[in-house]
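The structure appears right after this line, and notes come after that.
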Amino acid sequence: MTRKQDYKDLFFRYIDSVGRQLPKKRRDDIQEEILSNLEDTLEDRAQTENREPDEEMVVEILKEFGPPEKLAAAYLPQQYLIGPRIYPAFLMAMQIFLVIVVLQILVAAVASISSSSSDLVDIVISFGQAIPGFLATVYSTLLSIILVLAILERVLPQADDEAKIEAWVKVQNLFSRFISKTDELPASKHWNPRVLKQIEKENLISPRKLVLDIVLLFGLFSLFNIFPQWISALNHNPEWGWKFVPLLSSSFAAAYLPWLDLFWGLKIGLNAVVLRQGAWSQLTRWFQIGIKTLGIMILVSFFRGSPVIGLNPDYAAFHGLSGDVQSFAKESLLPGLSELFRLIVIINVVIHGLAWLRMVLGLTSQGAIIPLRVSKKG
Amino acid sequence: MMTEKQNQLDSLTLELRRGVVIIAVLSQLDEEQYGYSLVKLMASKGFEVDQGTLYPLLRRLEEKGLLQSEWRVEGSRPRRYYVISPQGKEILTALKDEWDALVQVMEGVL
């Protein structure tokens, strides 16, 4: 190949690179036009600069034309994996997916609790062992969602097909009405401002309530850690009169107190942060859900683990309970209270579980949370 | 700092020019031009346009029916010649009116 042919070879390599990224139907025609323009440019440049065309000149011209992928992209319509039209549907799918994932976590947690032994640590370990399989499911589901939406992006009508676009957006709006509390997705130019979502009042805070919560939590912390013997039932018997019967079992402090301390500590911390910020934010709401999850797990462990209610000899001695009182407590009073406690725990698990679900659904269906300032009732 | 400022200016200038390149191109195609001759013609009138921008634009305008084209062999080389279509002429007239109105508005704004 001669020197002259050498540098022109760069032109052919360039248009070959461009052509590989073009649809077959238009490729030859575009390549021929680009080559024609390249040669015109080279000829004119050589004349203007009064020198023979060479490789330097060719490289300069190709740089002016731009990288092959950029030039090829300019001949094609803008392409997205998931474009602006499909993105709201993608977000909606992710919200639903997230809720399902969280529900699966809960189900896995309940399953591990019911299949494992009494200790909360064992429960957490058992739950942790389910995580790899769970992550694999999450990953493949996520990929499926992206694949389906990417296909939709390609088969949907183009931007200039207004009628089909309107129909598509109306379908989206209909779907979102059943799933999410978000604004109805606007059907291009015919959207209705009256259906815009109200600003959520739940993000307002009551500082008084938060401070009270913090004080109560500190109180609980102090009571259970410093004065556990005073968590007792006041019992009357004609034989020995009024007696405080301590309720917390011997195993309570080791099995549950550290978790309760963690729970209360996190709640205090969260309340303090929210108080300082003046409003709930997306992040603090998620923390709230996380703490609630921990609380529910602790409640469930009360039900499944070592007994919470029982006679602690040290506490009994503190209250000066005689042998008769202790026997009575062990055989009659405390078992009954223990059953009542288990019933209360079950009810609380259901109530808090539903509240948790409502929080998760509410948070995943919301748009951006507008941080509102402190409420006037304060 | 200066480089950042210059980059910002370059980017915004590009946005500004992008808005007028179509009307500029249509206005120069009353007579047939091929790709490179159009580049030179516009450059001679002070409107520099990237070849990598212009050639795809000519195709897009043709797809929209604003231009017509045909291949012709002149000398040693085949060239694709473009000329404004009747529909393109109507659009150009309307765009020129829009441009005049915009220029008046901007004179008031700036």
When you look at A:Lys209, is it modelled with pLDDT under 90 and either among the charged types (D, E, K, R) or in a strand (DSSP E or B) (or both), yes or no?
-> yes
Residue in the stretch B:57-66 that is nearest to B:Gln33 (Cα to Cα), counting only those that are modelled with pLDDT of 95 or more and not basic (Lys, Arg) | B:Leu58
Selection over the stretch A:142-165 where residues are surrounded by 14 or more Cβ atoms within 10 Å (Cβ to Cβ), modelled with pLDDT under 80 and part of a helix (DSSP H, G or I) yields a count of 3
Among (1) within 12 Å of chain A (Cβ to nearest Cβ); (2) without any contact (Cβ under 8 Å) to a residue 24 or more places away in the chain - the single one B:Lys5 does not satisfy = (1)
Residue hits (the stretch B:45-56; more than 16 Å from A:Glu64 (Cα to Cα) and facing chain A (nearest Cβ under 9 Å)) are none
Selected residue (criterion: surrounded by the most Cβ atoms within 10 Å (Cβ to Cβ)) from residues of the stretch A:41-53 that are in contact with an Asp or Glu (Cβ under 9 Å, 6 or more places away or on another chain) and either more than 9 Å from every other protein chain (Cβ to nearest Cβ) or touching a residue at least 60 places away in the same chain (Cβ under 8 Å) (or both) = A:Pro53
If we keep just the residues of the stretch B:60-70 that are more than 12 Å from B:Val25 (Cβ to Cβ) and touching a Ser or Thr at 6+ places or on another chain (Cβ under 9 Å), which is farthest from the other protein chains (Cβ to nearest Cβ)?
-> B:Gln68
Is it fair to say B:Ile91 is more than 14 Å from every other protein chain (Cβ to nearest Cβ) and crowded, with 18+ Cβ neighbours inside 10 Å?
-> yes
Among the numbered criteria (1) within 11 Å of another protein chain (Cβ to nearest Cβ); (2) touching a helix residue (DSSP H, G or I) at 6+ places or on another chain (Cβ under 7 Å); (3) loosely packed, with under 13 Cβ neighbours inside 10 Å, which single criterion is violated by A:Gly66?
-> (3)
Residue list for the stretch A:75-94, restricted to those being within 12 Å of chain B (Cβ to nearest Cβ) and crowded, with 18+ Cβ neighbours inside 10 Å = A:Tyr75
Answer residue from the stretch B:72-88, given it is of a type in the set (Val, Ile, Thr) and under 17 Å from the mean Cα position of the chain (by Cα) and is nearest to the other protein chains (Cβ to nearest Cβ) among those = B:Val83
Taking the condition surrounded by 15 or more Cβ atoms within 10 Å (Cβ to Cβ) and either over 19 Å from A:Phe65 (Cβ atoms) or within 15 Å of the chain's Cα centre (by Cα) (or both), does B:Ser69 pass?
-> yes
Residues of the stretch A:22-40 classified as over 14 Å from B:Arg59 (Cβ atoms) and exposed (fewer than 15 other Cβ atoms within 10 Å of the Cβ), total = 1
Only one of (1) crowded, with 16+ Cβ neighbours inside 10 Å; (2) touching a Phe, Trp or Tyr at 6+ places or on another chain (Cβ under 9 Å) is not met by A:Phe97, so which one is it?
-> (2)
Is there any pair linking a residue in the stretch B:88-110 that is within 18 Å of B:Lys64 (Cβ to Cβ) to one that is at pLDDT 95 or above, with Cβ under 6 Å and at least six apart or on different chains, and which?
-> B:Gly88/B:Leu26; B:Gly88/B:Leu66; B:Gly88/B:Leu67; B:Ile91/B:Leu66; B:Leu92/B:Leu26; B:Leu95/B:Ile23
Return the residue satisfying two criteria in turn: it lies in the stretch A:91-116 and is among the polar types (S, T, N, Q) and within 19 Å of A:Val349 (Cα to Cα), and of such residues it is modelled with the highest pLDDT.
-> A:Gln104
What number of residues in the stretch B:23-44 are in contact (Cβ under 8 Å) with a residue 24 or more places away in the chain, touching a helix residue (DSSP H, G or I) at 6+ places or on another chain (Cβ under 9 Å) and either within 14 Å of chain A (Cβ to nearest Cβ) or farther than 18 Å from B:Met106 by Cβ (or both)?
-> 9
Just for the stretch A:30-40: of the residues that are polar (S, T, N, Q) and within 9 Å of chain B (Cβ to nearest Cβ), which one is nearest to A:Ala74 (Cα to Cα)?
-> A:Asn37
Residue hits (the stretch A:17-29; away from chain B (no Cβ under 12 Å) and under 21 Å from B:Asp50 (Cβ atoms)) are A:Ser17, A:Gly19, A:Gln21
Enumerate the helices (runs of 4 or more DSSP H) found wholly within the stretch A:267-367, keeping only those where 2 or more residues are under 30 Å from A:Phe244 (Cα atoms), touching a residue at least 24 places away in the same chain (Cβ under 8 Å) and not hydrophobic (A, V, I, L, M, F, W, C).
-> A:282-304, A:313-318, A:334-365
Mind telling me which of the residues B:Ser69, B:Ser11 ends up being hydroxyl-bearing (Ser, Thr, Tyr) and at pLDDT 95 or above?
-> B:Ser69
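The values are calculated or read from the model by the stated rules, or taken from the named source; none is laboratory data. Just so it is clear, the model here is predicted, and its values are computed rather than measured. Neighbour counts are summed over all protein chains in view; Cβ atoms, including those assigned to glycine, are modelled from backbone coordinates with ideal geometry.
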